[in-house]
Amino acid sequence: MLKNLFEKRKCFTFIYIRNNLGMSATDLQSEKEYKFQVIVSMHFQKKMEIIQDRSFKKSVYNALNMLAKGFDGWQHLGVKSVNFAKTSYPLRSVKINREMGLLFEGPIPSKRFGSVLFVHDIFMENELAQLITRIITLGEESRVFSKPIPAKALLDPEVMDDILSTEKANLLLTRKQLDVLYADSPILIHGHAGSGKTTILCHRLALSVLSHRNNPNAKFVFVSYNDRLVKQAFKDTLEILRYLYFAEDTLDKVTFTTFRNFLKRYVPNPNLFEEFRYVPFGRFKHFYEKFKWGSASGRRIPAEVAWHAIRSILKGACKPPLRPPLSIDEYRKLARRRREFPEDIFDDIYKIGEWYQKEIIHDKRLWDDQDLAWEALNWIWKEKERNPNMELYDEIFCDEVQDLTEIEFLLLVALCKRPKATGLPLVLSGDPLQTINPTGFRWSIVSSEVFRVQGKPVTLHELEENFRSDEKIVSFANRIQEVRSRYLGHSVKLQNAFEKGGEIPQVFLIEGGDEISIIKNKLGELPPESAIIIWLEEKDDVDSYVSSEEPLSRIDRKLDLYTIQEAKGLEFRIVILYKFGSSSEALKWKNYLSDWRQPTIKDEIPLLYFLNRLYVAVTRAKLFLLIIDTKQGIDNLWSVWNESLYFVPRDKVREMLENHPAFLAEISPTAWYRWAEVLFDHAEETRDIRLYERAKRAFEKAHEIQKAKLVDARIAEINEEYEKAATIYTELNNFEKAGCCYEKALMWREAYEAYAKLPTTPENKRRVAICKFKKDVIENPTQASMEFYKYIIEDENVELKYINELADTLLRIENYELAAQVFLNMFRRFNDKECLKRAAQLFFKAKNFGMTEQLLAEAGETKSPEYELSRAENLLEKNGWHEAAELFFKNNAYDKVIETYERAKLKGAFLSKELIELAAKSYFNLQRWGKAYATYEMLISATRVEDVEILKTMAECLEKLDEKGKAMELYYRAGLYKKAGELAEKLNLPKEEVLKLKIEGARREGDFNSAINFAIELGDEKLVHTLKGHALKHRSEYREAVEEFILAEEWVEALNCLIKGEFTYTEQYDKICDIIKAVVFSKKELSQEEKERIMGIVRQVQSDPIWETRISPRDMGLIYEKCATSIEAIYYYESHINEKWSQEGWIRVKLAQCNYYRRRGYYNQADEVYREIQNRKKI
């Protein structure tokens, strides 16, 4: 998809056919007018940038337009051939005016771009001979960068200058860069300084934005630890979209942010990660120096090795949920696998890591990048489990990935969407040589993790071209790489310089007074785009160092001086490396570098990072690299690379410096002004205070005092010193900016006066009205609000925030109706539903419930509290008592519920049980206990139903009214015995009653232990057994429960547990027999249920022939007598009539039968039974 987007973009002299990006009919017709594509050289672009004559520029652009139209167009230009240069195609020139002309070559056939005209230069006649020798012919593989220019911009010099000054919107990428651009995700780009890594990232990001143009939910992010690089990437991507694809797409789908700010979005509490608590490598070294004195481990291990191990393994490889550092076993396992340290220092490193994490991070409440990454990754992983629809990124772009550790890379992976058809949507670029602080970065770790996630290998794309520096500087940087690779034990691919030739880096000895004097003067008069880089850590005292160095005494520190850390990511025409070789680190590594001695594993990491810092400093230079050092410094460091450096003889130092081309650049006010404009524009893009300070110094050197003041104003504005900024803008007569700053300073009178001095335009009139309202509202809010309200009715362009302020003012003076009208007008103007909802809310405050209900219904907010309360008020006016009360109660408006109830009563309306209940609940919620109790009584009378919850609430009301006796009765009626027991105790009722209530309450709540204790206190042994049985039954301990229920004479419960318990047949039979025997001797009166259940088991027992071995027939007769019907009992006794016990039992049953008949008045039957008894006695 991306490759198609790129290839469909064809170029015909400033015109692109954008098949899938949209193209007008005029564009399609104009394509036929052009026969050749025109490509301009980089030298041409630079020359056009410095030409000030706009009429001349317009003539040049018109000539380019005519050239592209072919030979017919050339007739009007007077094209001449120039034949004395050895080129593959004839050179031609066009006369633009009397002094200057245009030099071009071609047309040249190109398989890739059709017929091409290659514009070399704008030349003056007397310079032509020299310029011819610098011309490069255009071949198929030529490395030429050019700019796409839209046709409508041809005759507009300002637009053309804007396009030609863009840095990244390159039309022609190298074949290698195109291969990387077309590659499938994930893309890993390894490239050294100046190789175009960031350029490819920006091109790829632009293509991704275009390919997702129709997806409103697409999300991208560009991250890097370098804030300046992030801001530059935003600018470059925007330029690529605008000037290469003519796309006006904004980058609202893309987040550009530093890595730390990116991570802070995903931590639960970002306030824990304040900047002043951050620990970089320099701060770690400060702590470590103190630690070393009291630790043998610290004295054995260099700070670089310790930081490398902590960052890359102990913390950087510790994945959530395990908190850093890694356990000792996990650490040893990983350290052995990576083979970065000898095993004999494993334990020392681990002790250092434990000290750092506990005493520095934890005890001092500080943090480093790995702490932040761990918290963010932990939250992301948990959130993805909780929320499968968590927002992820369609593609993630990360530059300078060498600054990341394993868990930081895992975090990027976790935030990627993972389409099934492709790999991880990651585009990463980096250069391990540019890790100037230890990180432990390895491309192999990244590749293996990608393979683990997507299940297929990933290609590492290596860029070998250097587009920044001249050939000799690139050669020197390559030598540093070779030395580094020797210590790493593997080869590296060296860079090829795009710019051929150039000056060899030169080393100047600084020893005597003469050298110091000339160097001091030269460093104090550096031309624009120069940098003096010193070898200092980020926390070292730069000011004290500069004051101790006489050669630096005249330099402009704010303009020209950089540490390596500050210079990283920038590029300069001239770079001066000052006394690198005199540093303590250079002395430390002297023998390793001069003798190629292999360092110990312990020393290897510090040495590699020393070389990295050196490499970063060297590769900042584009045209000139100068080295200034002492004799000792040269011996320590620079003599190692004598083949790549030119050591200036001591007697030639003055002559070389006086005539050095690096210092021959124009240092006129005009040159400084141009450089100041560049610095100021860059500062405006990045909002970097140091860049503004540099721009100010450059303007001062250009004698542009007004411009310098403008920079002061911008610095004050960025530092939020708005009053100071406004004062300066007023001095500069920039009343628009002054008014804006006064506004930010909340100085409304001054802002009003500043805006009043501007020409009368609708915008300025609006500003004056707003500031007048803001200044007057303090003294007379009512009048100010009315005047401003009248103004906004007329002006439809007042910003919504000022409308809100007007509304807030109206709210303060409690003019809710007018505030509502303000927002209603805004809704009608902007059709913004938020305004409609705000208007409704204000009408609600104004008690205009009809308008509130109407507007909220229109806004679709029929579930909002304001809508429901307004509807309730409107229903109340229509006697909709019940529905109104329901809406009031739903929104906790209990006073309104009661008002509705009382009004209904007063009007004699029918009071539904629902309305009464709502009123009772409202009284209760408002703690009006007496009214609540009375209303609940009315509810019970109306419904004739004693609801448990109602009884409980009524009891609570009585309790609040200190009527404990009545409350206890209601609790008892509601079955809340525990509560009733507590009140009984407070009322000093008999202990027996209190205990019985407490027992029942505890039993119902399942608190059997308390119930048993109360029963023991009561002295009721059977109740104790009953409660114990229930407790055992609750725990499913049925065997023990059976025994307790038998002792409690709870026969039904005993039988239920017998059924539920896991008993064998014999065990169950025995237990049944035990129950029957217990019933025989029990004096308890049996319920009908108990009788029926007992007779059931009796029949079960009698079904087994052996029952008489377990229960005597006499006892069985007593059971029949207690539980069976009289007929069944008589029948049983008659079956054993020969036994005396049977005869006695028979007589007892018959006597009972006789008495039963007499009580019922059945005298004949009673007499008959009595005669039977007498006859039996005679026998």
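The values are calculated or read from the model by the stated rules, or taken from the named source; none is laboratory data. This is a predicted model, so every value here is computed, not measured. Backbone-built Cβ (ideal geometry, glycine too); neighbour counts: all protein chains shown.
Applying the selection to the range 888-939, what residues are aliphatic (A, V, I, L, M) and buried (at least 20 other Cβ atoms within 10 Å of the Cβ)? Within the range 888-939, ALA893, VAL897, ILE898, ALA904, LEU915, ILE916, LEU918, ALA919, ALA920, ALA932, LEU939 qualify. Being closer than 23 Å to ASN378 by Cα, at pLDDT 80 or above and not assigned by TED's automatic domain parsing to the domain that holds LEU536 is a property that ILE313 has.
For the range 614-632, the set of residues classified as farther than 13 Å from VAL648 by Cα and assigned to a helix (DSSP H, G or I) consists of LEU614, TYR615, VAL616, ALA617, VAL618, GLN632, listed by residue number. A single entry from ILE999, ILE1012 fulfils the requirement of being crowded, with 20+ Cβ neighbours inside 10 Å, at pLDDT 80 or above and closer than 19 Å to HIS1025 by Cα: ILE1012.
For the range 940-954, filtered to residues that are at negative phi and over 55 Å from the mean Cα position of the chain (by Cα), the residue that is surrounded by the most Cβ atoms within 10 Å (Cβ to Cβ) is ILE940.
Residue-by-condition table, conditions (1) surrounded by fewer than 18 Cβ atoms within 10 Å (Cβ to Cβ); (2) assigned to a helix (DSSP H, G or I); (3) modelled with pLDDT under 50:
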site	(1), (2), (3)
LEU21	yes, no, yes
THR26	yes, yes, yes
LYS46	yes, yes, no
GLN52	yes, no, no
TYR61	no, yes, no
ARG92	no, no, no
ARG98	yes, no, no
GLY101	no, no, no
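In the range 452-474, what residues are out of contact with any His (no Cβ under 8 Å at 6 or more places or on another chain), under 13 Å from HIS192 (Cα atoms) and of a type outside the set (A, V, I, L, M)? Once the filter is applied, which keeps residues that are out of contact with any His (no Cβ under 8 Å at 6 or more places or on another chain), under 13 Å from HIS192 (Cα atoms) and of a type outside the set (A, V, I, L, M), the range 452-474 yields GLU464, GLU465, PHE467, ARG468, SER469. When ILE445, ILE436 are checked against the criterion of being in the same structural domain as LYS197 (by TED's automatic domain parsing), modelled with pLDDT under 70 and not aromatic (Phe, Trp, Tyr), a single residue qualifies: ILE436. Given the condition in contact with a helix residue (DSSP H, G or I) (Cβ under 8 Å, 6 or more places away or on another chain) and over 22 Å from ILE1072 (Cα atoms), answer yes or no: does some residue in the range 1024-1042 qualify? Checked against the condition, which is being in contact with a helix residue (DSSP H, G or I) (Cβ under 8 Å, 6 or more places away or on another chain) and over 22 Å from ILE1072 (Cα atoms), the range 1024-1042 yields at least one hit.
Checking the stated criteria, GLU731 turns out to be touching a residue at least 12 places away in the same chain (Cβ under 8 Å), at negative phi, exposed (fewer than 14 other Cβ atoms within 10 Å of the Cβ) and among the charged types (D, E, K, R).
When the residues of the range 805-835 are narrowed to those that are more than 22 Å from GLU853 (Cα to Cα) and not charged (D, E, K, R), which ends up surrounded by the most Cβ atoms within 10 Å (Cβ to Cβ)? If we take residues in the range 805-835 being more than 22 Å from GLU853 (Cα to Cα) and not charged (D, E, K, R), then LEU806 is surrounded by the most Cβ atoms within 10 Å (Cβ to Cβ). For the range 663-686, state whether one or more residues are of a type in the set (D, E, K, R), at positive phi and not in a helix (DSSP H, G or I). So far as the range 663-686 goes, no, none of its residues is of a type in the set (D, E, K, R), at positive phi and not in a helix (DSSP H, G or I).
Checked across the range 955-964, the condition of being on the phi > 0 side of the Ramachandran plot and not aliphatic (A, V, I, L, M) holds for at least one residue.
Screening LEU958 against (1) more than 30 Å from SER922 (Cα to Cα); (2) buried (at least 20 other Cβ atoms within 10 Å of the Cβ) leaves a single unmet condition, (1).
Do we have GLU1005 as more than 60 Å from the chain's Cα centre (by Cα) and of a type in the set (Asp, Glu) here? Considered against the rule, which asks whether it is more than 60 Å from the chain's Cα centre (by Cα) and of a type in the set (Asp, Glu), GLU1005 comes out as no. Restricting the search to helices (runs of 4 or more DSSP H) fully inside the range 211-317 and requiring at least 1 residues that are of a type in the set (Val, Ile, Thr) gives 227-239, 303-309.
The residues in the range 690-715 that are touching a residue at least 60 places away in the same chain (Cβ under 8 Å) and among the small types (Gly, Ala, Ser) can be counted, and the count is 1. When restricted to residues that are in the same structural domain as GLY1096 (by TED's automatic domain parsing), surrounded by fewer than 20 Cβ atoms within 10 Å (Cβ to Cβ) and small (Gly, Ala, Ser), the range 1028-1066 contains 1. Among the residues here, ILE718 qualifies as of a type outside the set (Lys, Arg), in contact with a helix residue (DSSP H, G or I) (Cβ under 9 Å, 6 or more places away or on another chain), farther than 24 Å from PRO759 by Cα and in contact (Cβ under 8 Å) with a residue 24 or more places away in the chain. TRP675 falls short on exactly one of the conditions (1) surrounded by fewer than 17 Cβ atoms within 10 Å (Cβ to Cβ); (2) modelled with pLDDT under 85; (3) of a type outside the set (A, V, I, L, M), and that condition is (1). Suppose the filter is exposed (fewer than 13 other Cβ atoms within 10 Å of the Cβ), hydrophobic (A, V, I, L, M, F, W, C), at negative phi and part of a helix (DSSP H, G or I); does ILE1147 pass it? When the stated conditions are applied, ILE1147 does not pass them. Of the residues GLU1139, GLU1144, GLU1128, GLU1134, the single one that is more than 15 Å from ARG1176 (Cα to Cα) and among the charged types (D, E, K, R) is GLU1128.
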